[in-house]
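The values are calculated or read from the model by the stated rules, or taken from the named source; none is laboratory data. As the structure is a computational prediction, the values presented were derived from the model and not from experiment. When the accessible area is computed, the model is the full protein with side chains, heavy atoms only, and any ligands, DNA or RNA have been set aside. Shrake-Rupley method; radii C 1.70, N 1.55, O 1.52, S 1.80 Å.
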Amino acid sequence: KMSHFSKIKTKITNKPALIQALMLDGYPVDINRELVNPIGHDHERVRCEVTVGDDMGFVWNKQTQCYELITDRQTWSHQIPIERFLEKITQLYCIQLLTSVAQSEGFQVESQTVNSSNAVELVVNRWV
């Protein structure tokens with residue numbers, strides 16, 4: 001069977017925040033593993049910095065300085081489409097990033113809400 005791993009661009013650059021986002025969404029995360037070929041498929045071997053299960057992972061792209069999602073579109077078996085998965089993970093990633101930056105600056109996150117257009121609002125404060 002002919003299929004291949006697709007590379008899908010992301011704007012994700014921070015590995016710890018990516019790992020936290022995936023774990024928050026309940027995905028099993030591993031570091032520095034090779035993706036497993038789906039049965040009957042013969043892919044090139046791909047080692048990913050961050051893997052989710054056996055069939056998808058994230059690889060650092062030196063040119064774009066961002067992570068790319070590597071997966072096989074034909075054998076994608078998750079409940080949500082790839083694009084929705086990436087949207088969700090990117091949103092959680094941004095929350096993780098903002099939260100850690102805020103905390104490192106001495107702020108505490110007071111509240112976090114997602115509005116109807118799916119935008120996240122973080123309220124932070126700092127005692128002076």
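Please determine, by comparing only the residues of the range 96-128 that are among the hydrophobic types (A, V, I, L, M, F, W, C) and open to solvent by 90 Å² or more (accessible area, probe 1.4 Å), which one is nearest to ASP25 (Cα to Cα).
Among residues in the range 96-128 that are among the hydrophobic types (A, V, I, L, M, F, W, C) and open to solvent by 90 Å² or more (accessible area, probe 1.4 Å), the one nearest to ASP25 (Cα to Cα) is LEU98.
Does GLN74 meet the test of being modelled with pLDDT of 95 or more, within 16 Å of ILE8 (Cα to Cα) and not basic (Lys, Arg)?
Taking the combined requirement at face value, the residue does not satisfy it.
Output the residue which, of all residues in the range 69-89 that are of a type outside the set (A, V, I, L, M, F, W, C) and open to solvent by less than 40 Å² (accessible area, probe 1.4 Å), is farthest from ARG47 (Cα to Cα).
Checking each candidate, the answer is ASP72.
Tally up the residues in the range 106-128 that are over 25 Å from the mean Cα position of the chain (by Cα) and assigned to a strand (DSSP E or B), please.
1
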